[in-house]
Amino acid sequence: MIVDGGTEAAVVEAVESSAETAGPVASSGPLPSATLEYVHATSPRYPLAELRGGVQGTVILRVLVDVDGKPASVTVETSSGNRNLDRAALQHVLKTWRFKPAMQNGQVVQAYGLVPIAFNLQ
């Protein structure tokens with residue numbers, strides 16, 4: 001998703017969050033891609049020093065969305081090249097974004113998503 005009004009969807013992979021009825025089963029890692037929808041995804045504030053300095057960039061975040069739709073963890077997958085832009089995006093997504101939880105076989109599951117956030121001065 002490009003936060004300046006774009007409509008790009010997050011790229012996600014579902015992760016199994018419940019055991020099979022036959023008993024505990026070791027996790028086989030990420031399941032095939034699932035569709036993840038944004039419920040609340042606002043733009044982060046542009047860091048003042050970067051705004052004044054004309055710094056732009058796009059950070060790609062890896063977000064683990066929990067079964068309740070809240071980000072459980074957020075890490076920088078690809079840096080914008082500026083630590084303050086990366087930090088602003090990461091903290092904003094972790095604190096304020098909400099997603100529609102991913103579904104796998106009728107069950108709500110955790111899902112990883114790659115979320116691009118662009119800081120543009122246009």
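Values in this text are rule-based calculations from the coordinates and carry no lab data. Owing to the predicted nature of the structure, the values given are computational and were not obtained by experimental measurement. Positions of Cβ are backbone-derived with ideal geometry, glycine not excepted, and every protein chain shown enters the neighbour counts.
Filtering segment 109-122 to residues that are farther than 13 Å from GLU37 by Cα and either without any contact (Cβ under 8 Å) to a residue 40 or more places away in the chain or out of contact with any Ser or Thr (no Cβ under 6 Å at 6 or more places or on another chain) (or both) leaves ILE117, PHE119, ASN120, LEU121, GLN122.
If you check LYS100, LYS95 for being surrounded by fewer than 17 Cβ atoms within 10 Å (Cβ to Cβ) and in contact with a strand residue (DSSP E or B) (Cβ under 6 Å, 6 or more places away or on another chain), only one passes: LYS100. Residues that are surrounded by fewer than 19 Cβ atoms within 10 Å (Cβ to Cβ) and small (Gly, Ala, Ser) within segment 103-122 comprise just one, GLY106. Condition first: within 13 Å of the chain's Cα centre (by Cα) and not in a helix (DSSP H, G or I). Can you find one or more residues in segment 85-95 that meet it? Taking every residue of segment 85-95 in turn, none turns out to be within 13 Å of the chain's Cα centre (by Cα) and not in a helix (DSSP H, G or I).
Scanning segment 64-84 for residues that are surrounded by 15 or more Cβ atoms within 10 Å (Cβ to Cβ) and assigned to a helix (DSSP H, G or I) returns a single hit, ASN84.
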